[in-house]
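First comes the structure, then the notes that go with it.
The values are calculated or read from the model by the stated rules, or taken from the named source; none is laboratory data. Remember, it's a predicted structure, so these values are computed and weren't measured experimentally. Here Cβ is always computed from backbone atoms with ideal geometry, including for glycine, and neighbour counts include all displayed protein chains. Note: areas computed on protein heavy atoms with side chains; ligands, DNA, RNA excluded. Shrake-Rupley method; radii C 1.70, N 1.55, O 1.52, S 1.80 Å.
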Amino acid sequence: IYPPMRVNRLGGTVLRYLIEHMAPALGLQSREGDISFEDIRSGTIVALGYAGNAARITPIGKVDIVKPVSDHEGTVVEQLFDSGIHPVIARIRDQWEGEVRGKLPPSHASLLTPVDLQWGQEFREYLDAFWTKMGFAPLV
């Protein structure tokens, strides 16, 4: 379950890839929906994680409700969730890391863009020569 856009979440290419390609490839269903504290308290939600370009796929192992005491401190009022990393979230995280690092085949070809390393090396040599002629030292 992922939150709807009306809660101000970012659209996210990682989330979109997870929903459209990776979850189905792993045999997981996904749907948009609200998630409440009661869903966590009751055990309806048993695993939590972040998905995003910066976070990639990051498990959430603990959720506390905290009453602020100051700008930097607070008192835990209720511990909603403290189960460590759920195996399903770990599986999604590991699949993502394997796919983006090229250790596992991607769930969809749109994930990775091939890079022509030979062309990159040739272009680097061209740029080094160009800037050297202009009086700059080559990059090391």
Under 15 Å from a label point 7 Å along Cα→Cβ of Glu32: give me every residue in region 1-16 with its amide N that close. 1-13, 15-16
Between Thr132 and Val115, what length in nm is gained on full extension when 0.36 nm per residue of separation is reduced by their alpha carbon distance? 3.5 nm
Three principal axis extents, largest first, for the C-alpha atoms of region 19-109, in Å? 49, 27, 20
What value, in deg cm²/dmol to 500, does the helix sum -39500 (n - 2.57) over DSSP H runs of n ≥ 4 give at 222 nm once divided by the residues of the chain? -9000 deg cm²/dmol
Quick check: the angle from helix 117-133's long axis to the longest principal axis of the chain, C-alpha only, nearest 10 degrees? 60 degrees
What are the semi-axes of the equivalent ellipsoid of region 66-140, taken as the square roots of 5 times the eigenvalues of the Cα gyration tensor, listed largest first and rounded to whole Å? 48, 26, 8
Could you list which residues have their amide H under 5 Å from that of Ile85, counting only those 5 or more apart in sequence or on another chain, with H placed in the peptide plane? none
Compute the accessible area per residue over region 10-140, keeping the other protein chains in place, probe 1.4 Å, unit Å². 73 Å²
So how far apart, in nm, are the two label points at Met5 and Ala90 if each is 7 Å from Cα heading toward Cβ? 3.6 nm
In whole angstrom, how far apart do the alpha carbon centroids of region 106-130 and region 65-83 sit? 48 Å
Counting only protein heavy atoms and using a 1.4 Å probe, what share of the accessible area of the chain belongs to carbon plus sulfur, as a whole percent? 58 percent
